[in-house]
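The values are calculated or read from the model by the stated rules, or taken from the named source; none is laboratory data. Predicted model, so just to flag it, every value in this text is computed and none were measured. Don't worry about glycine lacking a Cβ; one is built from the backbone with ideal geometry, like all the others, and counts go over all protein chains shown.
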Amino acid sequence: MQKGQEIGHKICALGTNFKRMKVTWKVLFKLDEMNALISELNQLEGKKLIWALRLAMLSLIQHKFLEEPCEGVRLPVASCLSHIRRLTTPRAPYNDDVMGSVFKLIVDTFQDLDNNVGPTFGKKVDILEVIDITRTYEVMVDLECDG
């Protein structure tokens, strides 16, 4: 099996698990695993694996993830969603209402960005880089996402 297909099957399995998992410490490990897998993909691979990304895309926009108050959950979800945006560019992966919620989550993760010694700083910088590469900020302005 090719590397991309293998990653696709892992993403698909994780997406299936997220649909029924409650937000607990176990979810944190699975979110980090999902983020590592998605961030490995380039855009061409992402387009070929859209079948696997669909479950992840649907699972990650559940209310329990978008509205979770714990930064430990919100940050990896935001990171996964930013990489999904990267993989699906130039198309938006969700409708405008959902994209507004996704962008709100992403903007909210930048609180405390001035703390550059914390363990979350690298992931926040990664999200910023993805936003820059994909010019997501233009879509955010169009949707009037001002945090």
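For segment 78-92, the criterion of a residue being over 18 Å from Asp132 (Cβ atoms) and within 13 Å of the chain's Cα centre (by Cα) is satisfied by no position.
The sole residue among Lys19, Lys26 that is surrounded by fewer than 16 Cβ atoms within 10 Å (Cβ to Cβ) and in contact with a Ser or Thr (Cβ under 8 Å, 6 or more places away or on another chain) is Lys19. Is it the case, given these coordinates, that Arg54 is over 20 Å from Phe121 (Cβ atoms), surrounded by fewer than 19 Cβ atoms within 10 Å (Cβ to Cβ) and not hydroxyl-bearing (Ser, Thr, Tyr)? The answer is yes for Arg54. Condition check for Glu144 on (1) modelled with pLDDT of 80 or more; (2) assigned to a loop (DSSP other than H, G, I, E, B): one failure, at (1).
If the condition is being among the β-branched types (Val, Ile, Thr) and either under 16 Å from Val23 (Cβ atoms) or without any contact (Cβ under 8 Å) to a residue 40 or more places away in the chain (or both), then segment 66-95 contributes Val73, Val77.
On the basis of being surrounded by fewer than 16 Cβ atoms within 10 Å (Cβ to Cβ), small (Gly, Ala, Ser) and either modelled with pLDDT of 85 or more or more than 13 Å from the chain's Cα centre (by Cα) (or both), does Ala36 make the cut?
So Ala36 passes the test.
Determine if segment 3-12 includes at least one residue that is under 20 Å from Val130 (Cβ atoms) and acidic (Asp, Glu). Checking segment 3-12: not a single residue is under 20 Å from Val130 (Cβ atoms) and acidic (Asp, Glu). Filtering segment 31-80 to residues that are touching an Asp or Glu at 6+ places or on another chain (Cβ under 6 Å) and under 18 Å from Val98 (Cβ atoms) leaves only Arg74.
Just one of the listed residues (Ser79, Ser101) is of a type in the set (S, T, N, Q), modelled with pLDDT of 85 or more, outside any loop (DSSP other than H, G, I, E, B) and touching a Ser or Thr at 6+ places or on another chain (Cβ under 8 Å), namely Ser79.
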